[in-house]
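Have a look at the structure below, then the notes.
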Amino acid sequence: MRPTLPDRVLVGAVAGAHGVRGLVKLKCFTEKPAQITAYGPLTDETGERRYEVAVVGTAKGGVLARLEGVTDRNAAEAMKGTRLYVARSALPALAPENEFYHADLVGLGVETPDGRRLGKVRAVLNYGAGDVLEVTGETGESLLLPFTRSTVPLVDLDGGRLVAAPPAEVEP
Amino acid sequence: MARSVWKGPFVDGYLLKKAEASRASGRNEVIKTWSRRSTILPQFVGLTFGVYNGHKFLPVLVTENMIGHKFGEFSPTRFFHGHTAADKKAVRKD
């Protein structure tokens, strides 16, 4: 059970230095890499240290950026591995009832309507035919559920659970 | 070479029968199929198929803009497991 949603969301990490003038390669965990700076200032996990980030170009798997106060390669290399977060409240508002952030759904406990535990949401997949929840049971078996109102009638983020009625399977 | 138009779209016959039966029953069910080669027809819209990818049956909820494509296009056989995007949204369909 997950009592509360995290205050801060991981949006990127410093992957390494680029060049000799203090540029860093950022690995972005946002839907579009350039959006890493779209949600306000980036901070560390605790929110105490702030990083002013300016995106200056693209790199394989992310972007090239300039961090305030990082002016040479040594300083850039020292930043390697730094994780960058934004406040959860800075992410755009969602349509009520039917829209959820993947980050919020992953980790929720899954129960059937009669209270039987099925497992936890491991991932949210989408291959062009609607969102699919990958649920992993305690023994490691995996169950794929279409993310529809009939299959997942209740999503209780505050309670850390969702209720799912796995559809019947029709063999050909 | 493209398929001749006079033949019409290819679809496995048993899949059509299963789809009709599923629609008539009105229950929440997944029609399991190995027929990745079948074309998605207008009468499949709103139904959920479990399309085999060589490993498991991936749920494919058919919508209007999928008509004319093949089932296999929505059930990839190879995966890249990366970090989940922090700002990516999932939409629960009705």
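What follows is calculated from the coordinates using simple rules that are stated; it is not laboratory data. For clarity, every value in this text was computed on a predicted model and none was experimentally measured. Quick reminder, even Gly has a Cβ in these numbers, built from the backbone with ideal geometry, and neighbours come from all protein chains shown.
At-a-glance table
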quantity: Qualifying residues in the stretch B:1-18 (those that are of a type in the set (A, V, I, L, M) and more than 10 Å from every other protein chain (Cβ to nearest Cβ)) - the one surrounded by the most Cβ atoms within 10 Å (Cβ to Cβ); calculated: B:Val11
quantity: Some residue of the stretch A:105-122 being within 29 Å of B:Phe80 (Cβ to Cβ), among the basic types (Lys, Arg), more than 7 Å from chain B (Cβ to nearest Cβ) and surrounded by 12 or more Cβ atoms within 10 Å (Cβ to Cβ); calculated: yes
quantity: Selection within the stretch B:49-94 - aliphatic (A, V, I, L, M), in a strand (DSSP E or B) and under 11 Å from the mean Cα position of the chain (by Cα); calculated: B:Val51, B:Leu58, B:Val60, B:Leu61
quantity: Complete set of residues in the stretch B:19-48 that are within 7 Å of chain A (Cβ to nearest Cβ) and either outside any strand (DSSP E or B) or not acidic (Asp, Glu) (or both); calculated: B:Ser22, B:Arg27, B:Asn28, B:Val30, B:Ile31, B:Lys32, B:Thr33, B:Thr48
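Residues checked against (1) without any contact (Cβ under 8 Å) to a residue 24 or more places away in the chain; (2) out of contact with any helix residue (DSSP H, G or I) (no Cβ under 8 Å at 6 or more places or on another chain); (3) in a loop (DSSP other than H, G, I, E, B):
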position	(1), (2), (3)
A:Val9	no, no, no
A:Gly16	no, no, no
A:Val20	no, no, yes
A:Leu26	no, no, no
A:Gly47	no, yes, yes
A:Thr71	no, yes, yes
A:Ala75	no, yes, no
A:Leu94	yes, yes, yes
